[in-house]
Each structure stands twice: as C-alpha cells, then as structure tokens.
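Where a number appears in this text, it was derived from the coordinates with a stated rule and is not lab data. As the structure is a prediction and not an experimental result, all values here were calculated from the model. All Cβ positions, even for glycine, are placed from backbone atoms using ideal geometry, and neighbour counts span all protein chains on display.
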Amino acid sequence: MGRTVEETEVLIAGAGPTGLLLALWLTRLGVRVRTVDPKPGPTTETRAIAVQARTLEFYDQLGLGEDALARGRHAAGLSLWARGHARAGVDLRGAGARLTPHPDIFILTQDQNEALLLAHLTALGGAVEWQTALTDLTQDAGGVTATLERAGKTEVVRAAYLAGCDGAGSTVRHGLGVPLSGGTYPQRFYVADVSASGPLSEDRVNVSLDDDQFLAFFPMPGKHHWRVVGQVPAGVGEAITFGTVRPQIDSQRIAQVTAVHWFSSYRVHHRVADQFQVGRTFLLGDAAHVHSPVGGQGMNTGLGDAANLAWKLAQALGGRPAALATYGPERRPFAASLVNTTDRIFGGVVDPSPLARAVRTRVIPAALGVLTRPAAVRRLAFLRLSQLLIHYPHSPLSVGRAGRVRGGDRLPWVLAERGSNFDALQSLRWQMHVYGTPSPELLAWCAARELPLHAFAFGTAAGRAGLLQDAPYLVRPDGHVGLTTPRFKPREADAYASRWLPA
Ligand SMILES: Cc1cc2nc3c(=O)[nH]c(=O)nc-3n(C[C@H](O)[C@H](O)[C@H](O)COP(=O)(O)OP(=O)(O)OC[C@H]3O[C@@H](n4cnc5c(N)ncnc54)[C@H](O)[C@@H]3O)c2cc1C
C-alpha cells in the first residue's frame, strides 16, 4: 500500500455539479485544485432538470452561458390538469424581462450541466480524478489532511482547504461530525425519462393534480422527450419498475408513454447541516442541504454555494482569509428557508386529507388561472424561482444602501449602450460601479488600489432597477453588492477595503 503525501491548495471531494463548478471557478482564479470522485465519470442520469436564471448568470461570468443555452431548451410556462381536464395555463415567457439576461424557464438536465462544466474545466487544463474516494480527514490550524483511496491504493493529501461537495451521504460531513438535521417524508416518489405523446402542452411543464396523487411532466431537450415525476402508489413493495406506476400515469389521460429511457424511485428528505464550515473544511450542495425537488432548486442551490465560496477561498489563499467565515452565515439561512418553503408546498401536494384534495383539484386550478394573469404576479413567481432574490442582508460583508439597493443584494442587471453592466463581472474580480459620474475622489481611490471602476450612463433602466445616480457600488466577485453609500465616504471605504478586499 503506497503512502505518499501530496500537497494542494484546495481539495474538492465530489464532482457532481457543485464540485465541478467550484473546481472551474477556482481554476479560473489560478488556484491549485484537486477534485476526486469515486464514480467512473460524470453522471449519465438526468436527475435535476431546471437551471435557474441566477445560475445562468454565474455561467455567463465564467464564459459558458452561451454554451449552456445551446445545449438546453426553454419552457414557456405551466399547464395545470385536474382529473384529465386542462384547468389552467400560466404563460411564463419573458416573465423575468428587464430583471435578468435570462428571463425564461430554462431546462438543462444535470448530466448536461456536468458535461458542460467538465468540458470547460478540461479546456482550462483542469481534471477530475475519477474512481478516487475521500475516506478520512483530520485538520489543524495549518491545513487539512485527507486520505484518498483509488483501486485499493491509499494516498494522503495535505490541502490548505477542503470542500465537501460529496452529496447527501457526505463522508466529509460525517468526518466532521456535523448532523444533517431534519426529516424524511414517508411517501416514495418516482422519476422517469420517457418519450410520450398526447394532449400534453409540448413546451410547458404539465402538472396533473388528482384526489390522491400528483404527476408532473417536464419538457426535456429533444422532441416528445419528457421527465415524469410522481408519487408511488401506496401498498406497492420496495422493488418497483415503470410498469408499477404506468396504470397511474395512464389513468390521468394526459399522455401516452411510448418509451422509457430511465426510471428511478426515491424518498425525499428535508434536512440542513447544522454547520457549513468547520475550521478549514466547508460543506456545499447536497452535502449541506437536501429538500424536495419542488421548484427545481436543489442543484441550483449547490451551484450558488460554489459561486459564493470560490472567490473567498482564492482570496484566503492570497493572504486575506476574513471573508471565509461569511460563507456559512450567508448560505445557510437561504438553505434553511428553502427547506421550509419546499416542505410546506410539498406537504400540500402530497397531503391525503379531503380538504387538501379539494384545494388541489378545485381551488388551486381556479386561483392559478386568475391570479397569474397580471404580469406583476408572473414576475413575482419568476423572481422567487429564479434565485435572483437571494441576498445576504445580515452578512458582515454587506454594508450600506444607495437607492433601493443594499449591501448584500445581487447587483441589478442593467442594459448598457453596448452589452450590459454584467459584462464587467466576467473578470471575477472586485470592482466599483457608478451609474452616472464618478467623483474625482472615487476615481483616485480606485486607481490607488488598482480596483477596476466601471462608469455607466444613468438612464431609465438604472433608475428603474433601484440604483442611485452617481452612488458608488463596490461589487463582489460573485456579483453581489458589498459596500454602497449614496455618496463616497473614503474613511468607510478604507475600513471596508482593509478588511475584505484582496491583500
Ligand atoms: C433521482 C433524483 C432526481 C432528482 N431530481 C431533481 C430535480 O428535478 N430538481 C432538482 O433541483 N434536484 C433534483 N435532484 C437533486 C439533485 O440531483 C441534487 O440536488 C444535485 O445533484 C446536488 O449536486 P451536488 O453536486 O451537491 O451533489 P451530487 O450530485 O450528489 O454529487 C456528489 C458527488 O460526490 C461524489 N462522492 C460521494 N462520496 C464521495 C467521497 N467519499 N469522496 C469523493 N467524492 C464522493 C459522488 O460520487 C457524486 O458524484 C434529484 C436527485 C435524484 C437522486
């Protein structure tokens, strides 16, 4: 058994979507990374399917947005069915117009996301060490010592930091002794990728609500290609196949399944890790939070964790570690609220009581048809789902307010004369934004720190987005506002920079 000690800056356990995005972001920042995963290669199962607008914005920052769009497809909205009849339709096309460059529901399955991320990681010279598992870890003030196993051989790696992106059963989380608190629903669910025809609305998510079940068809890339999610009928054994649930799907009369490409059943958990950081080790993605797939948030939340942590790790390795301690306080509250929200919605979807059945089959279809007609309601629904509202108001990194924009908010998207203000975020660096005219004092302050300053014309779009004319917005590498004040205050900016900006 060989025992060598290898050194790296960041060791990433797990090359699912979360670990791959973290590896890609860190590699772009010039960090030395090792990424290990016991699987033989990226997942071939479709699993998560929706990529939210906020994730596409992160992809744009890394230069893979266009590639992502070319690989997936948009969905136009939602069709609601009850007892085989079309009951309501919600058109969500362009629901996020003026809020984001990605105003539509976008479908790019998990295997496609992983292939995309891996292709871009490889193009940068990065790699994943497949068939390699992290089996043990210890840490001290100077770093983390991890044991890796590959084909019966053991290797010891010393890393400055360890990122546990190793999924719901996380070895890293167990190694840290951090509980994943919460529970598991008693019901079982199934998921299948199928070819199907019938009255389904081809370009929409079709949801069928019935007395004792729910069924959803998601349009997938390719013609007549659907993802079906449903509840396993009570009373069937543990070993089930598509044949077990087929009568249930047929009884809804909204689709005829002509071929089954993949089938799996699972139980849904609603759990959050008690801590997201212990010493030099971090938990991200499913290793830190698991919840129902309602709303397509799971994979996206893991990708958001990676975007939040990557630049903080790079900065720590450059000698300024303070921001690392904000990772947990910024990401855990969102994960906890997401688990609660999806818990409530999911509870209603599967509740067998007569009242809940009536709400599902009568009240919701009627209300949805009426309520979602106003553009403002569609926009609100889009904002909730798209993760554009994720903000960090209680983080010590979030300071001040100018206009309607506060420290910790995602920088609002504003179309510029050429491109948009988000183009500047592709540098993955801290930067100053001004919508209007920067003061000479601000220009000098940024120049002295070699901090890029981007001045955009203050127009209707900036005003509508809540930005204040001429105010300085110090923007973090992940596109969230750090410090902002209506007028530049050098002493406050100095204090902020000496604590949070790269050394
Ligand atoms: C059947 C199914 C359907 C789903 N449908 C949806 C959906 O519709 N919408 C949605 O949002 N989410 C869905 N999810 C959840 C979604 O797949 C996860 O939220 C997402 O995969 C989380 O990504 P991750 O990278 O954090 O973890 P994972 O994708 O679980 O990746 C973890 C990786 O860590 C590796 N690993 C494990 N142990 C070790 C170790 N000891 N050392 C190193 N590496 C290790 C694993 O091999 C794996 O590659 C579904 C999940 C399943 C199983």
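Points to keep in mind about this one:
- Part-to-part distance (alpha-carbon centres) for region 403-431 and region 112-186, which is given in Å: 32
- Computed from the Cα positions only, the extents of the chain along the three principal axes stand at 69, 67, 38 Å, in decreasing order.
- Label-to-label distance, nm, for residues given as Ser195 and Leu383 (7 Å Cα→Cβ offset): 4.3
- Length-normalised contact order for the chain - Cα pairs under 8 Å, 6+ apart - percent: 16
- Set of aspartates and glutamates near Lys153 by C-alpha distance (under 17 Å), chain-local residues within fewer than 8 positions excluded: Glu6, Asp37, Glu129, Asp136
- Between the residues Gly295, Ala316, Leu26, the greatest Cα displacement towards the positive end of the dipole of the chain, with unit charges on the Cβ of Lys, Arg, Asp and Glu, is found for Gly295.
- Label-to-label distance, Glu202 versus Asp274, with points set 7 angstrom from Cα along the beta-carbon direction: 5.4 nm.
- Placing a pseudo-label 7 Å from each Cα along the Cα-to-Cβ vector at Gln131 and Thr44 gives an inter-label distance of 1.6 nm.
- Dipole magnitude of the chain about its Cα centre (Cβ charges: Lys, Arg +1; Asp, Glu -1), debye to nearest 20: 1160
- The His74 and Asp494 beta-carbon pair, evaluated with R₀ = 51 Å, returns a calculated FRET efficiency of approximately 0.65.
- In this structure, the amide hydrogen of Gly198, modeled 1.01 Å from its nitrogen in the peptide plane, lies closer than 5 angstrom to those of Gln256, counting only residues at least 5 positions away or on a different chain.
- For region 36-98 versus region 200-253, the inter-centroid distance based on Cα atoms is 19 Å.
- Here the Karplus curve 6.51 cos²θ - 1.76 cosθ + 1.60, taken at θ = phi - 60°, turns the phi angles of region 78-91 into couplings of 10, 10, 10, 10, 9, 6, x, 10, 5, 10, 7, x, 10, 8 Hz, with x standing for Gly and Pro.
- Region 401-500: C-alpha gyration tensor shape, a/c 1.5 cut-off, then a/b vs b/c: rounded
- Helical runs (DSSP H, four residues minimum) scored at -39500 (n - 2.57) apiece and divided by the length of the chain put the mean residue ellipticity at 222 nm at -9000 deg cm²/dmol.
- Span-like helix ranges in the chain, DSSP H, alpha carbon extent 30 angstrom or more, Kyte mean at least -1.0: 327-350
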